[in-house]
Amino acid sequence: MEKKQQLLSDIVKGFFCGFLSGVLDRRQPSWRFEQNSKLVKQVIADYFDCFAVYFCNVTFPIILSSNFNNYEEAQLDMSRHHFSDETPVKMLMRYACQSKELYAFMVEIYQKEMIKLLEGNFTGEIDNTDMYYQRAVLEGHQLGFNEENKKS
């Protein structure tokens, strides 16, 4: 469970880092050299209403694929559970996490990262003190994870 928590943490923090870095690069390319908490707060305010939607759209297939050999296998399993376009996003994200505990952990990390941003704290780097990295294999539309990391 600890490895899955670390993986989820990396995915959530990676999303925040990537999304904010991209927006900040567009708005003020020099932001990496001039820490500007006011700019970070403004970006969060501008995107606040759609931030969760972007988060789910980006992280859902990655989190889901981490529990299967590839995304197609995950989609097949989803169809067996009768998920559809009307399935609530919260239910889909909980399914992607594969347990209520991991879903709650993901929400907790999301909230911590959002609070940091609302306070204007953003460095553009992922804090990964355990040095645990999950490498995604991207091939066209297929996304898979190393089998050895799925065992815990």
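Determine if the stretch 128-138 includes at least one residue that is within 18 Å of Phe15 (Cβ to Cβ), basic (Lys, Arg) and modelled with pLDDT under 90.
yes
Out of all the residues in the stretch 71-100, which are in contact (Cβ under 8 Å) with a residue 60 or more places away in the chain and over 19 Å from Leu8 (Cβ atoms)?
Residue satisfying the conditions is Glu72 alone.
What pairs come out if I take residues in the stretch 35-48 that are touching a residue at least 12 places away in the same chain (Cβ under 8 Å) and pair them with residues that are open to solvent by 60 Å² or more (accessible area, probe 1.4 Å) and among the basic types (Lys, Arg) whose C-beta lies under 6 Å away, six or more apart or interchain?
Listed by first residue and then by second, the contacts come to nothing, as the list is empty.
Counting only residues that are open to solvent by 30 Å² or more (accessible area, probe 1.4 Å), under 17 Å from Gln98 (Cβ atoms) and in a helix (DSSP H, G or I), how many does the stretch 57-71 have?
So the answer is 3.
Would you check which residues across the stretch 72-106 are in a helix (DSSP H, G or I) and open to solvent by less than 50 Å² (accessible area, probe 1.4 Å) and list them?
Ala74, Asp77, Met78, Leu92, Met93, Tyr95, Ala96, Cys97, Leu102, Tyr103, Phe105, Met106
Looking at the structure I just gave you, is Lys3 under 17 Å from the mean Cα position of the chain (by Cα), surrounded by fewer than 18 Cβ atoms within 10 Å (Cβ to Cβ) and without any contact (Cβ under 8 Å) to a residue 40 or more places away in the chain?
The answer is no for Lys3.
The values are calculated or read from the model by the stated rules, or taken from the named source; none is laboratory data. Just so we're clear, the structure is a prediction, and the values are computed from it rather than from any experiment. Reconstructed Cβ throughout: ideal geometry from the backbone, glycine too, with neighbour counts over all protein chains shown. What goes into the accessible areas is simple: the full protein's heavy atoms, side chains included, and nothing from ligands, DNA or RNA. Shrake-Rupley method; radii C 1.70, N 1.55, O 1.52, S 1.80 Å.
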